[in-house]
Amino acid sequence: MCGIVGITSNKQVTSSIINSLRKLEYRGYDSAGIATLNDGFINEVKCEGRVDTLEKNLSKIKIEGTIGIGHVRWATHGSPSTVNAHPHSSEKVSVVHNGIIENSTILKKYLIKKGHKFKSQTDTEVIVHLITEYLKKNDLKKTILKVLKKLHGSFALGIIFKEQPDLIVGARRGSPLAVGYGPNENYLGSDSYALKSMTNKISYLNDGDFCIVKKDQVEFFDNKGNKVNKKILKLSSNEQDYDKGDYKHFMAKEIEEQPTTIKNCVNEYINKMSGDINIFNFPWKSNEISSIVLIGCGTAYHSCLMAKYWFEQLTNLDVGVDIASEFRYRKNRFKKDALYIFVSQSGETADTFAALDLCNKNNMKTCSVVNVVESSIARESKFVLPIHCGPEVGVASTKAFLGQMLVLYILCLKFAQMRKEIKKNVYMEKIKSLFLLSKLAKKSLETDSKIQSVCSSFTDIKGSMFLGRGYSFPIALEGALKLKELSYVHAEGYPAGEMKHGPLALIEDGLPVVVLAPRDEYYKKTISNMQEVIARGAKVLLITNKSKDEVHSENIWEKIEVENTSEDLLPFLLTIPLQKLAYYSAFKKGYDIDKPRNLAKSVTVE
Ligand code: F6R
């Protein structure tokens, strides 16, 4: 996590750096800082807290310069504080860093012996002193190559040098980094979004690359110091997607956008007339694939889990699901006939990227389901399926979750059709249901007032449980994750049938329990499990779909009904009230909904 930016220009850069840092705040927001070079001196202003505080400080301590770097931090080494905020500087250099230096303790010992004095508890400061040390005997390029070789772990770096006032060095390993091109100025940034207000011309560094950015020239080098050429990509402008409009929070906007994003995605992938799924240029024949491994983190992992149920239901493929941080370190038996699918909103999640890299290195078939199509995961996978839902700014994933599930569902249908494992009429029914889904999702948004009336029961509580079976189980996990990340209350998602194997002990008088029991093949079983928790005092919020049949259960505290669709699409409709429950609970508590504590949108450290 953390966001970095660098600008070299013929104009003053401070205010542009602040603007970019604001855009990068989704990556980290516990401290912020800026450093510029002016008249042969490095000037630094840093603070604990947000970019707003940094800007206030800058109105008191004015710093000037036509070259500078900035940083928003998500603490890894050392608590969030002014002293640990980036940039970190010596007399000679100033550095901003996103990532983790794993051998910082060893390097620090070596540098202390050489007489370097450390001010912070960060791993980043070793980079500053290492560069300062190597610059004594080497030129700039040699210094960079030597320093990068010494560093273990992950990094995206922006570096300015007292004695080279015309350039910024950028370098990346593991963490993302982009270069932007402007008129008489050039930029460095953690992503294109940070640079979007200044340019739409972008190049991305590959893993191991470094670059020298001057205001009128950019040079790229690989990890051996050989010059490399880079494509300049032109980004489309969709600034309005980054605007909250009349909504109080991006999350509220992104929840409400879901019917539209569903519609766009369905139209993008399916020909309404013929019902054909437009997945072109898929690099492998269906008979070359006999199993699927789905990999992701957090919410993306939940969409993978959901897809397992669909793939197993509609195809004969073997399906495995993995959390990326586990997959990457396990002794995997790679299978030539497997398709490895990586799911990620940002496309920059370090663990998911590492898992993809591992599969690529083992020559596996890799495919990604991403939102950000310029991301590292998209660029490194052999086939990409975008979710077409537009930028997601709120830290808690909402529309991207629905988008990921939708693309995985469509891919599953495509496999079932290619492998002749689905009857034509069943296939066409499912396509028809997909075209109706957007309208039904809109109805799920209408659960608002009910959710607002129940949400106070989810605020000051010891904990809560979210239960579901079958298709509803991954949604229960997702509902619990949303509540805990936004409302900071303990919430646990559980398969309803597992309760009696331990967690039932947690149920006590008044404990809020959300039961997802749509009228599908698991319905009766889930209702029985619901009875078991009600009998032990739980306050049950039942979420089901509309039906003429009453739910045969007494003492349900509250009930929310979503529309009807096919059993396998109900998860889409059940998700929306859970997103709203988390949103309104956090709203009631006055928490920062778009930037929950300790979290960041793009998790670029492992
Ligand atoms: C939860 C959430 C996270 C992300 C996870 C993976 O609301 O947003 O759990 O889903 O960090 O991020 P991506 O999808 O960018 O790989």
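Here are the numbers:
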quantity	calculated
Scope the range 306-328; condition touching a helix residue (DSSP H, G or I) at 6+ places or on another chain (Cβ under 6 Å) and away from the ligand (no atom under 16 Å from the Cβ); matching residues	Trp310, Phe311, Leu314, Thr315, Leu317, Val319
Lone qualifier among Glu102, Glu125 - being touching a strand residue (DSSP E or B) at 6+ places or on another chain (Cβ under 6 Å) and open to solvent by 50 Å² or more (accessible area, probe 1.4 Å)	Glu102
Sole exception among (1) near the ligand (Cβ under 10 Å from one of its atoms); (2) surrounded by fewer than 23 Cβ atoms within 10 Å (Cβ to Cβ) for Gly296, by number	(2)
Segments classed as helices (runs of 4 or more DSSP H), wholly inside the range 355-467, with at least 2 members that are over 30 Å from Asp337 (Cβ atoms), touching a helix residue (DSSP H, G or I) at 6+ places or on another chain (Cβ under 9 Å) and within 14 Å of the ligand (Cβ to nearest atom)	399-418
Neighbours by Cβ (under 6 Å, 6+ apart or cross-chain): first from the range 581-606, over 18 Å from Ala194 (Cβ atoms); second away from the ligand (no atom under 12 Å from the Cβ) and assigned to a loop (DSSP other than H, G, I, E, B)	Ser585/Thr459; Lys588/Thr459; Lys589/Thr459; Ile593/His249
Selection from the range 474-523 of residues that are more than 31 Å from the chain's Cα centre (by Cα) and hydroxyl-bearing (Ser, Thr, Tyr)	Tyr522, Tyr523
Residue match in the range 244-251 (condition: within 16 Å of the ligand (Cβ to nearest atom), part of a helix (DSSP H, G or I) and within 27 Å of the chain's Cα centre (by Cα))	yes
Selection within the range 386-398 - buried (at least 24 other Cβ atoms within 10 Å of the Cβ) and out of contact with any Gly (no Cβ under 8 Å at 6 or more places or on another chain)	Glu392, Gly394, Ala396, Thr398
Residues located in the range 329-351, provided they are within 14 Å of the ligand (Cβ to nearest atom) and without any contact (Cβ under 8 Å) to a residue 40 or more places away in the chain	Gly347
Whichever residue in the range 579-605 is among the aliphatic types (A, V, I, L, M) and either in a loop (DSSP other than H, G, I, E, B) or open to solvent by 40 Å² or more (accessible area, probe 1.4 Å) (or both) and, among such residues, is nearest to the ligand (Cβ to nearest atom)	Val603
Residue in the range 465-487 that is among the β-branched types (Val, Ile, Thr) and under 20 Å from Lys559 (Cα atoms) present	yes
Qualifying residue in the range 549-565 (condition: of a type in the set (Val, Ile, Thr), touching a residue at least 40 places away in the same chain (Cβ under 8 Å) and open to solvent by 10 Å² or more (accessible area, probe 1.4 Å))	yes
Qualifying positions in the range 267-276 - open to solvent by 10 Å² or more (accessible area, probe 1.4 Å) and touching a residue at least 24 places away in the same chain (Cβ under 8 Å)	Glu268, Tyr269, Lys272
Unique match (being in contact (Cβ under 8 Å) with a residue 60 or more places away in the chain, open to solvent by 10 Å² or more (accessible area, probe 1.4 Å), within 16 Å of the ligand (Cβ to nearest atom) and assigned by TED's automatic domain parsing to the domain that holds Ile556) among Leu477, Leu483	Leu477
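The values are calculated or read from the model by the stated rules, or taken from the named source; none is laboratory data. Quantities reported herein were computed from a predicted structural model and do not represent experimental measurements. Ideal geometry is used to build each Cβ from the backbone, glycine not excepted, and the neighbour counts take in all protein chains shown. Side chains included, ligands, DNA and RNA excluded: accessible areas come from the protein's heavy atoms. Shrake-Rupley method; radii C 1.70, N 1.55, O 1.52, S 1.80 Å.
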